[in-house]
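Data first, discussion second: the structure below is written as structure tokens.
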Amino acid sequence: MMRLPIIAALAGASMTLPGCVAALVPIAAASAMGGKQLFGSKTPNGAQDAASAGWKQQAKAERKRLKAEEKRARAEAKVNDTPPRSLAAPSMPAAATLPAAPPVPGGMQYLYASGEAAAVSLQSYLGLMNYLLAVSSDRSVGHPVQSVVLAPGSTLTNIKFEPCGKKPLALVVDVDETMLLNLGFEGDQIAQGGAYDQSRWDAWEKTATGSQVAAVPGALSAVSVARGANITVVFNSNRQAATADQTSALLAAVGLGSAVHGDTLWLQGDVATDPGPRSGKDARRAAISAKYCVVAMAGDQLGDFSDQFNAPTLPLAERRKLVATRDVLALWGHGWFMLPNPVYGTGLKGNMNDVFPPATRWTPPATDPAKPIAPKKDFN
């Protein structure tokens with residue numbers, strides 16, 4: 001069968017695609033968009049990431065400073081007949097002069113700083129890119145493609161999908177912690193302390209700049225590949241419609257391209273039947289599906305795929321089981337793509353008995369004082 005033009009241009013390592021048409025996905029150097037970096041400091045429009053550029057400038061200045069210091073040290077050593085000072089690391093102020101930094105919770109350390117979280121995000125987005133190319137290939141040779149948005153009346157144990165027909169293809173993505181990492185807001189949360197404050201988030205929506213956020217690893221490449229495969233990227237966020245201009249500008253600032261409010265950007269309050277502030281997205285998904293065939297969705301909360309996961313009466317254990325029921329299980333990695341978020345949201349709830357059922361409890365055996373305590377083992 002024929003391949004899409006963008007697939008023929010791909011180079012580098014390959015991955016086998018699901019669907020009718022096999023294709024290659026660029027993993028290291030080149031993307032489907034004609035040679036742009038897949039995982040580099042270049043955004044899809046060729047603009048260099050501001051943060052990366054800033055670090056490079058700092059590093060260059062530091063190398064220049066160290067070189068000058070070394071030259072002076074050598075001259076000093078020659079005059080005094082003493083060994084030159086070691087300049088392997090820049091001088092730092094004494095520890096006592098540094099301000100005390102508040103501790104960072106483990107979830108934030110993981111999501112915003114760890115290589116592990118970056119790897120999980122990249123893994124999800126690589127799978128998404130594979131899937132999008134396969135679906136686009138199927139459509140190009142006349143094979144039917146299926147929406148992954150639940151149709152009205154559908155349940156998680158009896159799933160039915162919105163019809164596609166000949167509607168243009170779309171990828172629907174959440175924004176916060178799916179496309180954008182809100183570094184500025186969460187950093188201020190640590191500095192201020194206390195509980196989550198809605199008014200602070202409202203102010204963040206209005207005033208955040210591109211230097212205070214970062215694209216989730218893999219997000220730029222996924223968006224670029226989608227658009228190159230003629231799949232429209234639609235952002236569906238629980239940010240407020242009143243801050244649509246600021247949200248659109250923030251997405252563009254990190255290289256995610258343009259987002260048009262009411263077409264490719266949907267926000268809380270855009271649909272009259274939205275159930276309430278910061279809550280469901282089903283009404284907006286239905287509105288998007290009226291125009292587009294939504295072939296894939298990505299998010300960091302189960303509510304980014306269906307509001308039914310967040311039913312108020314749904315017990316925690318049953319909610320967890322729902323993600324592995326027959327119909328839902330078939331969607332993970334095949335239309336639904338989950339990103340990590342251990343910092344906030346619907347995934348963070350449950351008391352001791354919910355999380356650690358009594359039947360699972362374990363108490364270590366009493367230690368014999370006559371026997372030495374064995375050293376701890378490192379299971380890493």
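The values are calculated or read from the model by the stated rules, or taken from the named source; none is laboratory data. What you see is a predicted model; the values in this text were computed from it and never measured. Ideal geometry is used to build each Cβ from the backbone, glycine not excepted, and the neighbour counts take in all protein chains shown. Accessible surface is based on the protein model in full, side chains and every heavy atom, while ligands, DNA and RNA are left aside. Shrake-Rupley method; radii C 1.70, N 1.55, O 1.52, S 1.80 Å.
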Checklist outcome for this item: Gly303 fails exactly one of (1) closer than 20 Å to Ala151 by Cβ; (2) open to solvent by 30 Å² or more (accessible area, probe 1.4 Å), namely (2)
Checklist entry - Any residue at all in region 186-200 that is open to solvent by less than 30 Å² (accessible area, probe 1.4 Å), over 22 Å from Gly115 (Cβ atoms) and either in a loop (DSSP other than H, G, I, E, B) or in contact with a Gly (Cβ under 9 Å, 6 or more places away or on another chain) (or both)? => result no
Item to check | Of all residues in region 136-164 being among the charged types (D, E, K, R) and without any contact (Cβ under 8 Å) to a residue 60 or more places away in the chain, the one that is most open to solvent (accessible area, probe 1.4 Å) | outcome: Lys160
Item to check | Arg227 being within 23 Å of Val120 (Cα to Cα), of a type outside the set (S, T, N, Q) and more than 17 Å from the chain's Cα centre (by Cα) | outcome: yes
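Ala311: surrounded by 10 or more Cβ atoms within 10 Å (Cβ to Cβ), among the small types (Gly, Ala, Ser) and either closer than 21 Å to Leu171 by Cβ or more than 25 Å from the chain's Cα centre (by Cα) (or both), yes or no? It would help to see each step written out before you state the result.
Numbers: surrounded by 10 or more Cβ atoms within 10 Å (Cβ to Cβ): yes; among the small types (Gly, Ala, Ser): yes; either closer than 21 Å to Leu171 by Cβ or more than 25 Å from the chain's Cα centre (by Cα) (or both): no.
Against the criterion (surrounded by 10 or more Cβ atoms within 10 Å (Cβ to Cβ), among the small types (Gly, Ala, Ser) and either closer than 21 Å to Leu171 by Cβ or more than 25 Å from the chain's Cα centre (by Cα) (or both)), Ala311 does not qualify.
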Checklist entry - Is region 339-361 home to any residue that is open to solvent by less than 60 Å² (accessible area, probe 1.4 Å), farther than 30 Å from Gln189 by Cα and of a type outside the set (A, V, I, L, M)? => result yes
Next on the checklist: Condition (residue is touching a helix residue (DSSP H, G or I) at 6+ places or on another chain (Cβ under 9 Å), farther than 30 Å from Val233 by Cα and of a type in the set (Lys, Arg)) applied to region 336-351: is it met by at least one residue?
Outcome noted: yes
Item to check | Flag if Ser137 is touching a Cys at 6+ places or on another chain (Cβ under 9 Å), modelled with pLDDT of 95 or more and in a helix (DSSP H, G or I) | outcome: yes
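Rundown of residues vs (1) open to solvent by 20 Å² or more (accessible area, probe 1.4 Å); (2) without any contact (Cβ under 8 Å) to a residue 12 or more places away in the chain; (3) not in a loop (DSSP other than H, G, I, E, B), yes/no style:
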position	(1), (2), (3)
Pro217	yes, no, no
Val225	no, no, yes
Arg239	no, no, yes
Ala242	yes, no, yes
Item to check | Odd one out for Ser147 among (1) part of a helix (DSSP H, G or I); (2) more than 13 Å from the chain's Cα centre (by Cα) | outcome: (1)
Checklist entry - Restricting attention to region 124-134, which residues are in contact with a strand residue (DSSP E or B) (Cβ under 9 Å, 6 or more places away or on another chain) and either at pLDDT below 95 or of a type in the set (Gly, Ala, Ser) (or both)? => result Ser124, Gly127
